[in-house]
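Contents: one structure, followed by commentary.
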Amino acid sequence: MPMKTCSYSCIYCQLGRTIRTSILRRRYCEPEEVARVVERALENVDRVDYLTFVGDGEPTLYSLLGKAATLVSREFGYRVALISNASLVWRRDVREDSTVFDFVSMKLDAATPSVFRRVNRPDNAIRISAIISGLEELSKEISGILSIETVLVDGVNDGSWHADLLAEALRKVEPYVVYINAPIRPPAEKWVRVPRVDRLRIFAERLSMYLGKHRVILLPLAEIDEVLARASTIESLLEIAKLHPVPLDLALSLLKREHGDKAMEVLRRYLERGSLTIVKYRGREYIRARQQT
Ligand code: SF4
């Protein structure tokens, strides 16, 4: 499994801690390679809303992101979406790459430097003020949809005072919609907790007061990913586990479709080889791809 490459080391990251944060944009692969991967993935899919760019970490660290998205959208004729942590949105080239997309989701969990450091643990070179200004710029430049995702962690960034500061920042960004989310899967730090539902609601209501009710959506804390329902081979589960921990019971029932009674045996081989590991969170067991060190 590749090592996660990210500019943050969020306390709730489902991929574990970032071993070394980076803000260096690199040519990880050629756009044509991305197109071939998409082509193979499309062989097993009958309906596509968006082709979404999301990395084992932060996708804007890929220096040819805009070129790859343009190529994929032209070659396959689908709309393209980007899920980013917004850490590099202050850079003009990153904003130019982002404007290629029809739908852009940017993370904003913090409105102040201290909350930013606590929740996202960013690379030293990144400033929250630059990110907020970058988002304001992007909002003016983009012709597609700009959405914001905010992940709330109990006792860290879910206070009403923080909701007000975040709302002030977002009022200038003017996103199409803000999604409020919570760490429902195993986080990087064991002490991370999902806020109480009433606190999540109060936070969403305060944002709504500034941004409008229709612009703030509190995501249901559903556990099952739609995409999981399509996975039945160990390879497809491994791919998903690189991005999202998969509930162990769900993984086994999916593997049973192909391997019957041998499902546990197949999974155990991967656990023994060290490419997968089991973690416990909120009373449930998950399989997660092990990070290379
Ligand atoms: S949650 Fe996303 S932004 Fe945060 S460390 Fe993990 S991959 Fe990076």
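A few points about this structure:
- Ranked Leu135, Leu271, criterion: other C-beta atoms within 10 Å, fewest first: Leu271, Leu135
- The chain pair-distance distribution - Cα-Cα, 10 Å bins, rounded %: 6, 26, 35, 25, 7, 0
- Residues considered: Ala68, Ala110, Ala125. Largest GNM mean-square fluctuation over the chain, using C-alpha springs under 10 Å, is found at Ala125.
- Taking other residues whose beta carbon is less than 9 angstrom from the beta carbon of Tyr286, and scoring Lys, Arg as +1 and Asp, Glu as -1, yields +3.
- Largest to smallest principal axis extent of the C-alpha atoms in region 1-67, angstrom: 36, 25, 22
- Checked against a 19 Å cut-off, the cross-linked pairs Lys107/Lys280; Lys107/Lys172; Lys140/Lys172; Lys107/Lys190; Lys67/Lys242; Lys242/Lys280 give Cα-Cα distances beyond that limit for Lys107/Lys280; Lys107/Lys190; Lys67/Lys242.
- Considering only alpha-carbon pairs that sit under 8 angstrom and 6 or more positions apart, the relative contact order computed for the chain is 19 percent.
- Dividing the summed helix terms, -39500 (n - 2.57) for each DSSP H run of n ≥ 4, by the number of residues in the chain produces a 222 nm estimate of -12000 deg cm²/dmol to the nearest 500.
- Gyration tensor (alpha-carbon) shape descriptor, region 227-289, a/c threshold 1.5: rounded
- Within the chain, the whole DSSP H helices whose Cα atoms reach 15 Å or more along their own axis and whose mean Kyte-Doolittle score is at least -1.0 are 31-42, 65-76, 128-141, 160-173, 197-211, 248-259, 263-273.
A short reminder: the numbers here are calculations on the coordinates, not readings from a lab. Being a predicted model, the structure only gives us computed values, none of them experimental. Note that we place each Cβ from the backbone using ideal geometry, even for glycine, and neighbour counts take in every protein chain shown.
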